[in-house]
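Structure first, commentary second.
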Amino acid sequence: MQSLLLSLDLVGTFVFALSGATAGVKREMDLFGVLVLSFAAASAGGIARDVLIGAVPPAAVSDWRYLAVATLAGLITFFWYRPIENLRSPVQIFDAAGLALFAVAGTQKALAFHLHPAMAALLGMLTGIGGGMARDILCAQMPAVLRSELYAVAALAGAIVTVLGYLAGMQSVGVAIGLVLCFGLRLMAIFRGWRLPVARPH
Amino acid sequence: MQSLLLSLDLVGTFVFALSGATAGVKREMDLFGVLVLSFAAASAGGIARDVLIGAVPPAAVSDWRYLAVATLAGLITFFWYRPIENLRSPVQIFDAAGLALFAVAGTQKALAFHLHPAMAALLGMLTGIGGGMARDILCAQMPAVLRSELYAVAALAGAIVTVLGYLAGMQSVGVAIGLVLCFGLRLMAIFRGWRLPVARPH
Amino acid sequence: MQSLLLSLDLVGTFVFALSGATAGVKREMDLFGVLVLSFAAASAGGIARDVLIGAVPPAAVSDWRYLAVATLAGLITFFWYRPIENLRSPVQIFDAAGLALFAVAGTQKALAFHLHPAMAALLGMLTGIGGGMARDILCAQMPAVLRSELYAVAALAGAIVTVLGYLAGMQSVGVAIGLVLCFGLRLMAIFRGWRLPVARPH
């Protein structure tokens, strides 16, 4: 079970690293910059969560496998950019899976550190979206999650269901529904264009 | 006394959240983005301070009321943007009060964690200005405090007076004068246009 | 020995602060903004490392001398910008020395906190490049290290050699070679234009 969770975590890391590396290649960074963006996109959310709950050094800093997986994704993207770019739609689906996994696992870790349930859900969401925000800030852009699609909301929904399951004493049920809900909302956003209302300043 | 301080802290949180939400609405973010900016503008300074002094989880992460107040401010701004925007001048005055409060309270917390007095003043200033800096970075803009008005300097002045009062064994006097000084400097900047000298590279 | 290390650390702080202050003056920030950029460029790398390994409060926050040295560099740059700007080449050489020192010292600190050797090298590199990244993000720009020259790679090379020396039980040899290697690679980048391969998205 423990090793299944680690495997899933590393799959999520790999897919998120692909998104970071792709952003770096598009901006014509050098090899190193691409690898930094890979690692940042894959790990920033979990690192922020761990620093905030006092779990230092964060898992992504103390366990070399996260770095190894992110670096591998960065190298593949750097040298085979065209094929990766053509995979956009499969990558988006993997990304949706990674988001669901990070949000749910991040929530569980925050609950294990005895945070208030509402804040545990928030930290679960941060685990899921933090990497993408770091990637965008490093590219000097406004984070995409602030403006588009059901991305953060999907993560938050999965995190909240995880918390509800925990409060109801049915942790596995909450985890299962949380994963499906987050993943499903993302697929709806990708393939059906579901969105949140947007602010109209004028 | 304790509950008075908490109330003042939540008022500051509310007003800072308004400034974050307003920035989000101006950039046509979706509802979620507006709420993230509300929470970031209200809490980033205090969170950074708490992480740096080792007080984890930070108050804004462990106590759900900060999130609730920031979310409320974000929702109000999202749905009633026009009236909030027309309140600009009152909001600026509340913001000056929030800055004074955050700077002084942040300094006291750093002193309570036995930091060097000079660094406690710095962390007090960071508590006051950190939220606005996070807001601007999330909007991919250079933080306004680096370039304009007596904002950070007002926070620093209030923080220094708080430290001096502490060193002189007259903590309440320092707090009172610090609050008035920071608030007053901001009012002078808003209504009289007081500024710092600006760099002239040419 | 201890005081030699501290002196070198403060020299690195001074030179990095010059680079931050110069960026601030170029963007016509006010005096305070220039000082913030000085301190951020000089300390962000070390602060990030210390937060990640759990060494809080970070050295740059608990020891006032870092702030004093960074502030001094900021004031000098603010009031004597022309002469500093004309020193560009000497400043770049000092900067290369600061980078080597920060990378090697950062690696040693991470090893002392029992991090995995690969991650200690990564944190050493972060110590060296973090300040410049914070400086660029505060200026709303993509960090220069992601796109140019042998900067981060030089830091990483120095950090890796430091780790190898540690693993081989020859710490001082590793430190010496690491310093020379990082410094030398930077000089080659500055005076010979050595670079990494750059991503070609098309």
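Structural remarks
- Crossing angle, helix C:152-167 versus chain C [Cα axis fit, 0-90 degrees, rounded to tens]: 30
- Other residues lying with their Cβ under 12 Å from the Cβ of C:T127 contribute a combined charge of 0, Lys and Arg counting +1, Asp and Glu -1.
- The rule of thumb for compact globular proteins, 2.2 N^0.38 Å, goes into the C-alpha radius of gyration of region A:2-192 0.97 times.
- Anisotropy class of region B:1-53 from Cα gyration tensor, a/c 1.5 cut: oblate
- Centre-to-centre separation between the Cα atoms of region C:2-21 and those of region C:118-143: 16 Å.
- 3J(HN,Hα) along region A:89-106, derived from phi through the Karplus expression 6.51 cos²θ - 1.76 cosθ + 1.60 where θ = phi - 60°, amounts to 5, x, 4, 4, 6, 4, 4, 4, 5, x, 4, 4, 5, 5, 5, 6, 5, x Hz, with x in place of Gly and Pro.
- Report summary: the helix-based calculation at 222 nm, which adds -39500 (n - 2.57) for every DSSP H run with n ≥ 4 and divides by the residues of chain A, gives -26500 deg cm²/dmol.
- Each Lys and Arg contributes +1 and each Asp and Glu -1, all at the Cβ; summed about the Cα centre of the protein assembly as shown, the dipole is approximately 940 debye.
- Rounded Å value of the spacing that divides the Cα centres of region C:47-64 and region B:159-201: 27
- The ratio of the alpha-carbon radius of gyration of the protein assembly as shown to the globular-protein estimate 2.2 N^0.38 Å is 0.94.
- For region C:105-157, projected area of the alpha-carbon convex hull averaged over all directions, nm²: 3.7
- Label point of A:N86 (7 Å along Cα→beta-carbon): distances to the other copies' equivalent points are 5.8, 5.9 nm, sorted ascending.
- Think of each Lys and Arg Cβ as +1 and each Asp and Glu Cβ as -1; about the Cα centre, that makes the dipole of region B:2-192 roughly 240 debye.
- Most mobile listed residue (B:A42, B:A118, B:A70) in chain B, GNM with C-alpha springs under 10 Å: B:A118
- Note that region B:79-143, at 4 °C in a medium of 1.567 mPa s, gets a Stokes-Einstein diffusion coefficient of 97 µm²/s from its Kirkwood radius over C-alpha pairs.
- Lys pairs under 29 Å by Cα in the protein assembly as shown, provided they are eight or more residues apart or on distinct chains: 6
- For C:H114, inter-copy label distances in nm, listed shortest first [label point 7 Å out on the Cα-Cβ vector]: 2.2, 2.2
- Principal-axis tilt of helix B:64-79 within chain B, Cα atoms, nearest 10 degrees: 40
- Rounded to the nearest whole Hz, the Karplus-based 3J(HN,Hα) values (6.51 cos²θ - 1.76 cosθ + 1.60, θ = phi - 60°) of region C:112-123 follow the sequence 5, 8, 6, 7, 4, x, 4, 6, 4, 5, 4, 5, with x at glycine and proline.
- In order along region A:47-60, the phi-based Karplus estimate (6.51 cos²θ - 1.76 cosθ + 1.60, θ = phi - 60°) of 3J(HN,Hα) comes to 5, 4, 4, 5, 5, 6, 9, x, 8, 10, x, x, 3, 5 Hz; Gly and Pro are listed as x.
- For chain B, the longest principal axis of the C-alpha atoms and the axis of helix B:171-192 are separated by about 40°.
- Considering only C:V104, C:V56, C:W194, and ranking their Cα positions along the charge dipole of region C:53-202 that arises from unit charges at the beta-carbon of Lys, Arg, Asp and Glu, the one farthest toward the positive end is C:W194.
- Local electrostatic count, A:D136, Cβ distance below 13 Å [Lys/Arg +1, Asp/Glu -1]: +4
- Pseudo-label separations to other copies for B:R200 - Cα-to-Cβ vector, 7 Å, nm: 4.9, 4.9
Only the coordinates and a few stated rules stand behind these numbers; no lab work does. Treat the numbers as computed from the prediction; the structure is a model and nothing was measured. Glycine gets a Cβ as well: all are built from the backbone with ideal geometry, and neighbour counts include every protein chain shown.
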